[in-house]
Amino acid sequence: LVRKTKDAVLLGEYGDVLEPMYPRWGFEAVGGLEHIVSFMDRNVVTPMRSGNFSRVPMGVLLMGPPGTGKTIITEATAKEAGINSVYLRLSKILGKYVGDSERNLEKALDAVVTMTPCLVFIDELDQQFSRGEENSGDSGVNSRLFSRVMEFAADTSHRGQVIIVAATNRPDLLDAALKRPGRFDKKVVF
């Protein structure tokens with residue numbers, strides 16, 4: 001009943017932008033990635049459970065080819081830490097009217113803050129998000145969205161409360177601002 005109500009509220013209020021993640025398995029279901037499991041346990045799960053929030057990274061960037069376990073590691077980390085977790089669908093942020101995209105993003109980020117402690121998963125970051133080109137014809141919307149997400153990801157008041165985990169198949173396509181420490185403090189290669 002709680003899950004259905006939560007889903008209905010998130011869907012009604014935030015559309016497809018935020019999707020709740022209900023991890024079914026913990027680290028016991030992950031095979032062959034012992035060094036990554038150990039890394040996530042040491043850097044995310046243990047500090048979250050012990051309340052040592054200063055040790056929790058602002059964000060974790062998972063890099064590797066498709067099918068190597070990036071999503072299952074994220075779900076298992078959320079389950080082991082015992083925190084709320086959501087998928088943030090950046091590709092669904094864009095609205096058709098002026099100001100809709102920015103409003104959608106702000107609503108999503110506000111929802112994430114209200115669900116703290118929360119793990120936010122952004123899959124295929126390289127395809128969903130970029131700074132925007134100078135003459136892209138979007139009136140600077142992509143650039144403003146990019147700036148707002150960078151500002152949110154770098155906000156140190158979220159340390160230990162909001163953990164952004166992003167997965168990418170092509171880290172070479174990511175903007176350098178995304179990869180700098182303070183946004184994605186930890187990078188994990190699969």
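The values are calculated or read from the model by the stated rules, or taken from the named source; none is laboratory data. Here the structure is a predicted model, which is why all the values come from computation and not from measurement. Backbone-built Cβ (ideal geometry, glycine too); neighbour counts: all protein chains shown. Protein only, heavy atoms only, side chains kept; ligands, DNA and RNA dropped before computing areas. Shrake-Rupley method; radii C 1.70, N 1.55, O 1.52, S 1.80 Å.
Ignoring ligands, DNA and RNA, how do 5, 71 rank by accessible area with a 1.4 Å probe, largest first? Intermediate results must be reported in sequence, preceding the final value.
Details: 5 75, 71 50 Å².
Solvent-accessible surface, decreasing: 5, 71.
In the chain, the DSSP beta bridges split such that about 15 percent are antiparallel, to the nearest 5. In this label model, residue 173 and residue 147 are separated by 2.5 nm, measuring between points 7 Å along each Cα→Cβ vector.
What full-extension length gain, to one decimal in nm, is calculated for residue 2 and residue 116 as 0.36 nm per residue of separation minus the Cα-Cα distance?
Working: separation 114, 0.36 × 114 = 41.04 nm, distance 1.73 nm.
Here the answer is 39.3 nm.
Database remark: amide H of residue 119 closer than 5 angstrom to the amide H of 84, 85, 86, 163 (H placed geometrically; neighbours at sequence offset of 5 or more, or on other chains; Pro and chain starts carry no H). Ranking of 158, 35 by solvent-accessible surface, largest first: 35, 158 (1.4 Å probe, protein heavy atoms only, all chains present).
Looking at the stretch 42-103, the accessible area is 45 square angstrom per residue; that uses a 1.4 Å probe and ignores ligands, DNA and RNA.
Test of understanding: given the chain, find the longest segment containing no GluC sites (Glu not before Pro) that are in a DSSP loop and have at most 14 other Cβ atoms within 10 Å. Mind showing how you got there, number by number?
Numbers: sites that count: 133, 134.
The answer is 1-132.
Please work out the Kirkwood hydrodynamic radius for the chain, using every pair of different C-alpha atoms, and report it in angstroms with one decimal place.
Numbers: mean 1/r = 0.0589 Å⁻¹.
Its Kirkwood hydrodynamic radius stands at 17.0 Å.
GNM remark for the chain: springs join alpha carbons under 10 Å apart, and the peak mean-square fluctuation among 169, 84, 52 falls on 52. Just tell me the longest site-free run in the chain, where the sites are trypsin sites (Lys or Arg not before Pro) in a DSSP loop having at most 11 other beta-carbon atoms within 10 Å. Looking at the chain, 97-190 is the longest stretch - no exposed trypsin sites (Lys or Arg not before Pro) with at most 11 other Cβ atoms within 10 Å.
Taking 7 Å steps out from each Cα toward its Cβ at residue 187 and residue 55 produces label points 2.4 nm apart. Here the chain exposes an accessible surface that is 51 percent carbon and sulfur, computed with a 1.4 Å probe and the other protein chains kept in place. Relative to the longest principal axis of the Cα atoms of the chain, helix 2-14 runs at roughly 30 degrees.
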